[in-house]
Amino acid sequence: MLNFTRQERIVIYFLVATLGVGAVLRLVRNQRLEKQLTPNRFYEEEQQFKKIAEQINSDSLQFVDNANSNFDSDTSDFSVKDAHIETKIININTAGISELTELPGIGPALAKRIRAYTDLNGPFKNKSDIILVKGIGEKLYTRIEGLVTTE
């Protein structure tokens with residue numbers, strides 16, 4: 001057959017033993033990982049998601065029921081009787097930090113910058129001047145444009 005020297009046989013035995021030990025360790029590690037990766041967390045998160053979805057759906061159904069009760073069913077154009085839609089226009093020259101944070105996309109830090117800008121430079125002449133405040137760009141301005149005034 002194959003004639004190997006004593007040193008070559010030792011190297012071959014060493015490689016075979018190393019591969020065998022590596023294969024056994026890999027099998028043991030994979031079994032441990034399978035036990036650790038039980039989907040308990042997945043099922044818990046799925047249950048939480050379902051509860052939240054049910055709550056949202058039930059809230060939206062109540063909203064639809066309330067909205068339908070606001071319509072006058074005697075008329076064909078469905079005029080709104082008691083719409084509870086309240087839009088608050090905020091004067092950016094006189095509003096406090098808490099009022100400014102009610103605007104979408106405006107957090108406490110940005111509200112403080114708006115206040116600091118008006119303290120340093122005086123009141124805004126146009127509501128579009130709010131873009132001069134660092135952190136407020138065109139995108140954010142278009143979101144709050146209908147909610148702010150300078151008068």
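Nothing in this text is a laboratory measurement; each read-out follows from the coordinates by a stated rule. Model, not experiment: these values are computed from the prediction. All Cβ positions, glycine included, derive from the backbone under ideal geometry; neighbour counts span all protein chains shown.
Details
- Near L103: Cβ cut-off under 10 Å, other residues only, Lys/Arg at +1 and Asp/Glu at -1. The net charge is 0.
- Sorted by Cβ neighbour density within 10 Å, fewest at the top, the residues E46, E151: E151, E46
- Comparing Cα centroids, the range 6-20 and the range 89-141 end up 75 angstrom apart.
- Ranked packing of 109-120, 11-22, most packed first, by mean Cβ within 10 Å: 109-120, 11-22
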